[in-house]
Every structure is written in structure tokens, then in C-alpha cells.
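Notes follow once the structure below has been shown.
The values are calculated or read from the model by the stated rules, or taken from the named source; none is laboratory data. These numbers come from a predicted model, not from an experiment. For neighbour counting, all protein chains shown are included, and Cβ atoms are generated from backbone atoms with ideal geometry for every residue, glycine included.
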Amino acid sequence: MLADDHAVVRRGLELLLDAEDDFQVVASIGDVQAAIRTTRGYKPDVLVLDLNMPGGSSLDAIPEIMEASPQTRIAVLTMQDEPAFARQALSAGAMAYVLKEAADDELVTAVRRAAAGETYLTPQLGARMAAEAPVPAGPPDNLSEREVEVLRMIALGHTNAEIAEQLFLSIRTVESHRAHIQQKLRRSSRADLVRYALDHGLVER
């Protein structure tokens, strides 16, 4: 389902997503209250939600939307490129945060990740969030500061290739860091690493 207050944008997004064989856009609406009502009615797998719409605050509406349809994953699509907005959206329950300027390249990936229950952030924004978050004094479980940085980006939904690009490392180096992290923490799945990062305050819930 698409929620954006510009009809031209909604039409463009519908064409982009409907071009995927396994996607179907079931509804397209233009304000916050309609987003809540329509989500309750359709219960879509994923809601693509603009942050700036009439009818209230989209950020404040995220918990209400999730209550109306618990199985619906929310992918925020916005022009707001400040990390604070991304943190608020993810803390409220959104699974993905994509900037409109990158929608053509990233929205399909973000929707797939959200539908699978995984987090996705526009890579540049995720890197800024990782850089701004303070590294705890005395990293837990004997992790190095670089390993904490890599773990934080894993928890924010980045792939090894994205981490390598943002941290100016080779993919092989990132894979090595990831293997060391998994060995030190005795956790092998990405879900376990995300839970560890949340529990130790490396990323916000």
C-alpha cells in the first residue's frame, strides 16, 4: 500500500513496484488518517509511508498503524535526510527508511527487506547514524571499536558490500570482522546480532 500526498509521486511508485512480478499495489492514499483506515481494511504486507502528509503526524501514526494491522511492515519514504527522523521512525516501529532521491534504486530492496522483517536504511544515512552514535567506553565482550562499528551497521540493516563502501574497507575485511564478531559473541545469525546490538545500546530500539 502507498501513502503519499502527491498523486504524481504515488503513480510513479505504483509503476515502479507493480513492475516487480511478486509485488501488487493494493491501495494508494494521500493523508495520514486515510493511511490508518486503509491499512486496517487491506492489512497489506508492506505500507510505504511518506512522513509529510496532511491529517496528522506520520511518525505519531506509526504505532497506531501497527496496532490496526500488526502484520504490516512499514517502509518510510521521505525527503527528510536527518538521522533524528530516521531514529524516530525506527524507534516507532518502521522497518525501512528510504530517501525519495534514492527511491528508484532502493525502494524495491527496502520493501523486500521490510516484508522479510529486516531493517533497511538508505546507506549514506545509515553511515551517518553509525558515525554519530557514541561507542561505549570499553566495548562489550572484547570487541574492538572497528568491530563495534561493523556490528552497529549490521544491526542497521547494511550488507557486507554496503559496510565496505561506507567504511572504506574491502568486502573481505568486512567479512573477517563479521566472523570475529560472531566468534566473540557466540552468535551466528543476523537476528541474534541485531538483538545483541539492541540489548547493549549500540543502536536504538
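So here's what we get for this one:
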quantity: Selection status of VAL9, of a type in the set (Val, Ile, Thr) and at pLDDT below 95; calculated: yes
quantity: Checklist (1) part of a helix (DSSP H, G or I); (2) touching a helix residue (DSSP H, G or I) at 6+ places or on another chain (Cβ under 8 Å); (3) modelled with pLDDT of 90 or more applied to GLN88, failing item; calculated: (3)
quantity: Out of SER170, SER188, SER176, sole residue that is loosely packed, with under 13 Cβ neighbours inside 10 Å, at pLDDT 85 or above and not assigned by TED's automatic domain parsing to the domain that holds VAL48; calculated: SER170
quantity: Candidates THR109, THR38, filtered to the one that is of a type in the set (S, T, N, Q), at pLDDT 90 or above and crowded, with 21+ Cβ neighbours inside 10 Å; calculated: THR38
quantity: Residue, surrounded by the most Cβ atoms within 10 Å (Cβ to Cβ), within segment 112-128, restricted to residues that are closer than 19 Å to GLU165 by Cα and among the small types (Gly, Ala, Ser); calculated: GLY126
quantity: Within segment 65-79, tally of residues that are surrounded by 15 or more Cβ atoms within 10 Å (Cβ to Cβ) and more than 18 Å from the chain's Cα centre (by Cα); calculated: 2
quantity: Residue that is among the small types (Gly, Ala, Ser), in contact with a Leu (Cβ under 9 Å, 6 or more places away or on another chain) and within 19 Å of ARG128 (Cβ to Cβ), where the choices are ALA35, ALA84, ALA89, ALA27; calculated: ALA89
quantity: Residues satisfying the stated conditions in segment 99-131, i.e. part of a helix (DSSP H, G or I), of a type in the set (Val, Ile, Thr) and under 12 Å from the mean Cα position of the chain (by Cα); calculated: THR109, VAL111
quantity: Single condition GLU118 does not satisfy, out of (1) in contact (Cβ under 8 Å) with a residue 12 or more places away in the chain; (2) within 21 Å of VAL9 (Cα to Cα); calculated: (2)
quantity: Residues located in segment 42-56, provided they are under 14 Å from ALA68 (Cβ atoms) and either assigned to a strand (DSSP E or B) or free of Cβ contacts under 8 Å to residues at least 12 places away in the same chain (or both); calculated: LEU47, LEU49
